[in-house]
Each structure stands twice: as C-alpha cells, then as structure tokens.
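We did not get these values from a lab; they are worked out from the coordinates using the rules stated. All figures in this text were calculated on a predicted structure; none of them were measured in a lab. Glycine also receives a Cβ, built like all others from the backbone with ideal geometry; neighbour counts cover every protein chain displayed.
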Amino acid sequence: MLTTALNKNQPQLDWSQIKTVLLDMDGTLLDLNFDNVFFLETVPNAYAKQTGQTFEAAKESVLNIYQKVAGTLAWYDLDHWSRELKMDIPLLKEEVAHLIKVHPHVINFLKQLKNQNRPTHLVTNAHSRSIELKMARTPIGKYFNTIISSHDLGFAKEQANFWTALNKKIPFDPNTTLLVDDSEPVLKAAKNYGIKHLRHISAPSSQHESKISEEFISIADFYEIM
C-alpha cells in the first residue's frame, strides 16, 4: 500500500491527490554510478588513448567540452558526443553496462503503481540508445504506460517548453501529478509549469553521500513514499 513519507518533519504525500506519476530514469530509478563512471572515467580514458594525452589531461579536455553544452539537449545526445569526440559512444557504453543497476525499492514501488492502475510515465533526458541499453539490462520498462525521451520533444527537461510539449503528448493535470527526479533544475522547471507534487532524490548515486535539497522535499529512496 502506498502511504506517506517516513520523515515526520516533511509534508506527507497524499496519494489520494495523485492521478499521474512522472518518473525520471538516471539517478532516480537507476543508480547514477553507471553514468558517472562512463562520463568521468570511461570516456576520458578512451579520449586519452585516441589523442595520446595522459588520463588527467584528457579528462580536463573532455570536461571542458562537456561544459559547453551543459543543460542543453545536446548534453544528453549520444550522437552529438560520437561526432564531437569522434568515437562510438553507444558502443563504448557497453564496456561498463554491468554497472547499470536499479535503486532499492524501485521495483516494488513500480509494481504498486501498476497494481493500482495509476498512469505512470518514464520521462527522461536520456538518448534513445541509452534508454534501449538500460531497458535491456533492467526490468523497469514493463511498468510504464509510456517512455518519453526529451529528444522526442526537442527540449531538455530543464527547459520550460519541455513541459508544455509533454502535456500535449501525455494529457495530465499538473495539480494531480507527481514528479520524482534527482535534478533540482528539472524540478524547478516542473514547478514553474505548475506541477504540484514534487520529490527530489537525494542519493542518485550509490557511491556518493545523500545531498538534501533546500527547495524540494528530498527522499533517499522510494521506500519513504511507499
């Protein structure tokens, strides 16, 4: 049974007011450790071999390249990075695919939503090739009514236009919609659009300590709202 947050100092989540659930993928449902290792270790290592630089120099170069498009749709576009870095990024992801893992309590949470016939949608900035890889490596895909990538809509979730476009593709009432995401910029954009029920994931990576949001109600995992 879906109940309320365990933290008594925070406003409880009233499930009687939730008709639609929107869930992020990386860092929210899945351990962000995979993406961190890939972009901060695997890609710089491949770039070092390609350019003859040391790993440290290659990593600095790659981070500078990343920064140029941070927060835009290009940042999440694997085809963009394949062209920019002149390497097969989707193929390179296979090298660390064993790190793709589902966060604790996610499957039980998704099962309960499905058993209640509550419309649940995966809403992610991830590129389609990344989604395919993660759906093949985890069992989460079967629990969603729809899986939507920001690349399908032409805007990153951090952008206001994304939410307008999403509501045209999936009709939902912002007042009765829950969004769970590990990105505060995304939650801010959703809040500005009018989505009423927002939860921040404070522990997107299993390898890093939790970081509580100052603006949004944070949960460490989905057990807190089950």
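Observations
- FRET efficiency, residue 145 to residue 17 (Cβ-Cβ, R0 30 Å, nearest 0.05): 0.95
- Projecting the Cα atoms of 113, 42, 207 onto the charge dipole of the chain (Cβ charges, centred on the Cα centre) puts 113 farthest toward the positive pole.
- Rounded tilt (10° steps) of 106-115 against the dominant C-alpha axis of the chain: 40
- Between 0 and 90°, nearest 10: helix 128-137 axis offset from the chain longest Cα axis: 70
- 3J(HN,Hα) couplings calculated from phi for segment 144-154 with the Karplus curve 6.51 cos²θ - 1.76 cosθ + 1.60 (θ = phi - 60°) are, in sequence order, 9, 5, 8, 10, 10, 9, 4, 5, 6, 9, x Hz; Gly and Pro show x.
- Net length gained if the chain between residue 94 and residue 40 were fully extended (0.36 nm per residue, minus Cα distance): 17.9 nm
- Extension gain from residue 114 to residue 138, taking 0.36 nm per residue of separation minus the Cα-Cα distance: 7.0 nm
- Take every DSSP beta bridge whose two residues both sit in the chain; close to 5 percent of them are antiparallel.
- Helix-only mean residue ellipticity at 222 nm for the chain, each DSSP H run of n ≥ 4 adding -39500 (n - 2.57), per residue, nearest 500: -10000 deg cm²/dmol
- Measuring nothing but alpha carbons in segment 34-98 and taking Rh as the Kirkwood radius, the Rg to Rh ratio lands at 0.93.
- For the chain: rounded, prolate or oblate by the Cα gyration tensor [a/c cutoff 1.5]: prolate
- With θ taken as phi - 60° and the Karplus curve 6.51 cos²θ - 1.76 cosθ + 1.60 applied, the whole-hertz 3J(HN,Hα) list for segment 208-222 is 10, 5, 5, 10, 6, 6, 7, 9, 10, 5, 9, 10, 6, 7, 6 Hz, x standing for glycine and proline.
- Listed pairs 19/101; 68/211; 168/191; 157/196; 169/191 exceeding 22 Å between Cα atoms: 19/101; 68/211
- Inter-label distance, nm, simple model (7 Å from Cα along the C-beta direction), residue 161/residue 220: 4.1
- Sorting 20-31, 38-49 by their mean Cβ neighbour count within 10 Å, with the most densely packed peptide first, gives 20-31, 38-49.
- If R0 equals 41 Å, the separation of the Cβ atoms of residue 50 and residue 209 corresponds to a calculated FRET efficiency of about 0.75.
- Amide H partners (placed H, <5 Å) of residue 218, local residues excluded: 200, 213
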